[in-house]
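Note sheet for the following structure.
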Amino acid sequence: MKRSLLGAALFSVLGLPALADFARAQSAMPAAPSSGATPAVKGASSNQKSQPALVPAAAAMPLAPQVKGARPRVNTKVLAPAATSLAPGLEDLAAPPSLGLPVKPSQVRIQELRPISMRQAENLAEVNNPNLKAVASQVEQAQSNLRARIALWYPSLSLGSNALPSYLGGESSTANRNNVRNPNPNFNRTTASIWQMDATLRASWQLIDPSRTPTIAAARDEFEKAKNQYLIALRELRLQVAQTYLDLQQADDGVRIGQESVRASLVSLRDAKARFQAGVATKLEVLQAETQLARDQQVLTGFLSSQSITRRVLAAQLDLPQTITPTASDPSLVLGVWSPSLQESIVAAYAFREELDQALLDISIANSNANAQLAQSQPFLSIVNSLSAGRSNGYTSQSQSLNQDLSGQYSWSVNNSIGLTFDWRLFDGGAARARYRQEKQRAQENVFRFADRRDSIRRDVEESFYELEKNNRNITTTAQEVLSARESLRLARLRFQAGVTTQREVVDTQRDLTQAEVRYSSAISDYNKRLVELQRRTGLDQIASCSLPTLPANKPVGSSAIPVEPSPLIPGCQAGR
C-alpha cells in the first residue's frame, strides 16, 4: 500500500491525475489471495509466520474490469480535442470539395510552395483530413443506431388503408327459361357502382421483450467503440503527420547535404584542373574529381526526389488545395527529452490506450448479443389496439326487368379492438441455444485478444523507448563523426594543395563527410520519430524542451558561395550515350 501511495504521489507530481487515481484505487483494493497459497499450520514457529508470502505476479495484478469497468466509457479529457477551424493565416488552405475532381492540367499544376510549421500541419490535418471526417461520421451513425434501439421501449403507431379510395363497378345479367314454349324469358340483372374508403390506426406496445435490453446495451457499447475509434484515429493522424513532417525535414537536410557535397566536389575539381594545367598533377586526379562530382550529383538527385515525394505525401494527409505544396518551415532539431521512465510509460499506456477499452467493449457486446439470442426462445407479450373506419357510397341492386331504376346506397362503419398478443417459441431445434454459445465463445475470444493487445502495447512502448535511447547515442556519435570528418577534409585539402597527398585522399574524405552528415540527420529524425511514437503509444506529453542553440550573428564563409547549377534532364534512352 505504501508503494501504491508513493506511486500516486509521483504521478501527481508528474501531472498525471488519471494515473494517480489508478494508483490510489489500487492501494484501496483488497489484496487478492493467491490460488496456490498454503494455509497456516498449527504450531508453526513465529519466524515462519513473519516471513512474507510469495505471491505470483499474475495474481497481484488487478483484472481489467476492476480497473476500467466491464463497460468502459470514453474519457475525452485524456486527449486534446481536434481543432474545428483553421488557425489564422491558414484560411486559404481549406480542403477542396470532397467530390471535386480536376479535369484540366492547370487545376493540378503547382502554383505555390507554402512553408508551414509542425503545429500548423497538425491543425490542417485535424480540420481537413477526410479519413478523420469519415471516422467522425461513423460516430454519428453509431449514435443514430443507438437512438433507434432505444425506441424499442416506446409504443409504435401506424396508419394504413386498403382503399384510399377504391371503386367497384360492374354489371351482370342472366336469363331463365322456365318453359320452352314461353318466348319471353325472365332476366336477373345485377348492377354495382360503389366508392369505398377505409383507414386503420394501429397502436402496439411490447410489454415483455426479453431481447430489448441486451440489444440496447450492445448498441450503446457500439457507440462507445465508435467514439474510442475516433480517438484512436485522431492519435494516429497526429502521429502520421508528425512523422511525415520529420521525413520532410530529413529530406530537406539531405538536399542541403547534397548541395554542399556538390559544391565541395566543384572545389576539388577546380583545384585538380588548376594543378593539372600547372603540370604538378596527373589526368587521373582530374578524372577522380569528376567521378566524385558525378556521385554527389546523383546523391543530390535522390534527395530532391525524396523531398518532392514527401511534400506531396504531406499535402495528401493535410488535404490541401490541388495547386499548393507544403514545405517545412521548422528546422531539423531535437524536439526534447522524454521525461517518464520506461515503467511509467508502460503503465500510462495501459491506462490511456483506447485499444484496451475496445477489447473490453467487444467482450460486453458479445455477452449482450448472447443474451439477445437466448431471448428468442423466451415469451413475448404485446398490447395491440386497432381502430378502423370505412365509408362507402354507391349501390348494388338486382332487378327482374331491364328498365327498372336503381337506387343509391350510403354506409359507414367504425370498429375498435384491443387485446394482448402472446408469442413463445417452444422449440426451435436448439438454434437459439447454439447462437448463445457462439456469442459466449466470441466473448472468450475477445478475452484472449485483450491479453494479446496488452502484450503488444508493452512491446511497442519498450521498442520505442529503447530505439529512443539508441538514437540518442547515435546523435552524440554522429555529431562527433561530422566534426572529425570536416577537420579531416580541411587537412586533406591543405595536404593536396601542398603536394603532399593525392586527389584520392581528398575524394575519400569528402565522401566520408557526406555520409557522416547523412547519418547525423537520420539520427535526429529517428530520435524525434521515437518521441512522437511514445506520445502516441503512452498518451503522455512529458517532453522536456531543449534549450535553443546559440548561433553566430554572421553566416560562416565557406564553399556555400559556390552556386550549384541545375543540370538538364536528359531522356533515359540518351543518358548513357
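The values are calculated or read from the model by the stated rules, or taken from the named source; none is laboratory data. Note that this is a predicted model, so its numbers are computed, not measured. A quick note on method: Cβ atoms are made from the backbone with ideal geometry, for glycine too, and the neighbour counts reach across all protein chains shown.
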Filter result (modelled with pLDDT of 90 or more and not aliphatic (A, V, I, L, M)) within segment 187-219: T200, R202, S204, W205, Q206, D209, P210, S211, R212, T213, P214, T215
Residue match in segment 339-348 (condition: surrounded by 14 or more Cβ atoms within 10 Å (Cβ to Cβ) and touching a strand residue (DSSP E or B) at 6+ places or on another chain (Cβ under 9 Å)): yes
E260, sole failed condition from (1) in a helix (DSSP H, G or I); (2) touching a helix residue (DSSP H, G or I) at 6+ places or on another chain (Cβ under 6 Å): (2)
Given (1) charged (D, E, K, R); (2) under 30 Å from D252 (Cβ atoms); (3) part of a strand (DSSP E or B), number of the condition R391 does not satisfy: (2)
Pick from segment 186-212, criterion of a type in the set (S, T, Y) and buried (at least 16 other Cβ atoms within 10 Å of the Cβ), ranking: nearest to the chain's Cα centre (by Cα): S211
Members of segment 291-334 found to be buried (at least 20 other Cβ atoms within 10 Å of the Cβ), among the acidic types (D, E) and within 18 Å of Q243 (Cα to Cα), listed by number: D319
Any hit, segment 274-288, residues being crowded, with 20+ Cβ neighbours inside 10 Å, part of a helix (DSSP H, G or I) and within 26 Å of the chain's Cα centre (by Cα): no
Complete set of residues in segment 126-155 that are small (G, A, S) and either surrounded by fewer than 18 Cβ atoms within 10 Å (Cβ to Cβ) or not in a helix (DSSP H, G or I) (or both): A134, A136, S137, S144, A148, A151
Failed condition for L360, given (1) buried (at least 19 other Cβ atoms within 10 Å of the Cβ); (2) farther than 30 Å from A219 by Cβ: (2)
Residue count, segment 315-360 (criterion: assigned to a strand (DSSP E or B) and closer than 19 Å to P115 by Cα): 5
Test: residue in segment 538-545 that is in the same structural domain as Q288 (by TED's automatic domain parsing), modelled with pLDDT of 80 or more and assigned to a helix (DSSP H, G or I): yes
Residue that is assigned to a helix (DSSP H, G or I) and closer than 27 Å to A523 by Cα, where the choices are R433, R486, R453: R486
Criterion: more than 29 Å from D455 (Cα to Cα) and free of Cβ contacts under 8 Å to residues at least 40 places away in the same chain - qualifying residue of R511, R519, R495, R473: R495
Looking only at segment 156-166, and only at residues there that are surrounded by 11 or more Cβ atoms within 10 Å (Cβ to Cβ) and over 44 Å from the mean Cα position of the chain (by Cα), the one that is farthest from Y410 (Cα to Cα): G160
Flag for I232 being over 30 Å from R119 (Cβ atoms) and either modelled with pLDDT under 95 or part of a strand (DSSP E or B) (or both): no
